[in-house]
Amino acid sequence: MHRRTLLLGLSSLTLLAACGGDSAKFRNYSGPKVTQIQVFKRKRKMFLFIGDDVVRKYRISLGNRPIGTKRFEGDGKTPEGLYHITHHNPRSAYHLSLGVSYPNDQDRAFAEERGRKPGGDIMIHGQGRKYRGRRDDWTAGCIAVTDAEIEEIYAMVPNGTPIFIFP
């Protein structure tokens, strides 16, 4: 009887391990949470801060038309200004992603005054299988890092974190 219980237990662990391929992308992080993100589009750099200290630095890819701020749906630009992290998406097509609060009230008003839509669905995300290894500006307006980097960012950055996106 003891042998059968042991065998069932080991079989269950094997099945769980086989199904857990996706869980490898979720990292544990027990340090202090990031308090601010700063993105410098021209330099293609993103910095994570805890208080006044830069704790991580990343090379980023941006929208496929990176000069200027995002104004309208489909313009291929990354927004500029102060936003916040809205949510964590574990099922992103780009490995993992963090939602950015674009468009804000001013973005919506600007687009509506011109009879256009502001767009949305701006994220900080990984590359996923399709774009793995790509380092040029390829997104539709998002901020992209490598899959390994988004795993780290995903664990360190809580919802509500301010993100300053500079030209």
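The values are calculated or read from the model by the stated rules, or taken from the named source; none is laboratory data. Model, not experiment: these values are computed from the prediction. As a convention, Cβ positions derive from the backbone with ideal geometry for all residues, glycine included, and neighbour counts pool all protein chains shown. Just so you know, the surface numbers come from the protein's heavy atoms only, side chains and all, with ligands and any DNA or RNA stripped out. Shrake-Rupley method; radii C 1.70, N 1.55, O 1.52, S 1.80 Å.
Of the listed residues 154, 94, the order by accessible area with a 1.4 Å probe, largest first, is 94, 154.
Could you sort out which of 25/45; 77/117; 41/77; 33/77; 70/117 sit more than 20 Å apart by Cα distance in this structure? It would help to have the intermediate numbers written out before the result.
On the way: 25/45 23 Å; 77/117 14 Å; 41/77 10 Å; 33/77 29 Å; 70/117 11 Å.
Pairs exceeding 20 Å: 25/45; 33/77.
Across the chain, Cα pairs under 8 Å and at least six residues apart give a relative contact order of 29 percent. Across all Cα pairs in the chain, the calculated P(r) in 10 Å bins from zero up to the longest distance comes to 10, 35, 29, 12, 7, 4, 2, 0 percent per bin.
Using a probe of 1.4 Å on the protein chains alone, the accessible area found for residue 117 is around 130 Å². Dividing the summed -39500 (n - 2.57) terms of all DSSP H runs of n ≥ 4 by the residue count of the chain sets its mean residue ellipticity at 222 nm at -7500 deg cm²/dmol. Rg/Rh, computed from the Cα trace of segment 43-130 with Rh as the Kirkwood radius, has the value 0.99.
Give the calculated FRET efficiency between residue 108 and residue 50 to the nearest 0.05, with a Förster radius of 30 Å applied to their Cβ-Cβ distance.
Numbers: r = 32 Å, r/R0 = 1.06.
Efficiency at R0 = 30 Å is approximately 0.40.
Rounded to the nearest whole Hz, the Karplus-based 3J(HN,Hα) values (6.51 cos²θ - 1.76 cosθ + 1.60, θ = phi - 60°) of segment 67-74 follow the sequence 7, x, 8, 5, 10, 9, 4, x, with x at glycine and proline.
Accessible surface area normalised per residue over the chain is 58 Å², counting heavy atoms of protein chains with a 1.4 Å rolling probe. The C-alpha atoms of the chain define a longest principal axis, and helix 147-156 lies at about 90 degrees to it.
How many percent of the accessible area of segment 105-167 is carbon or sulfur, using a 1.4 Å probe?
Details: 1530 of 3140 Å².
Taking all protein chains in place, segment 105-167 shows 49 percent carbon and sulfur surface.
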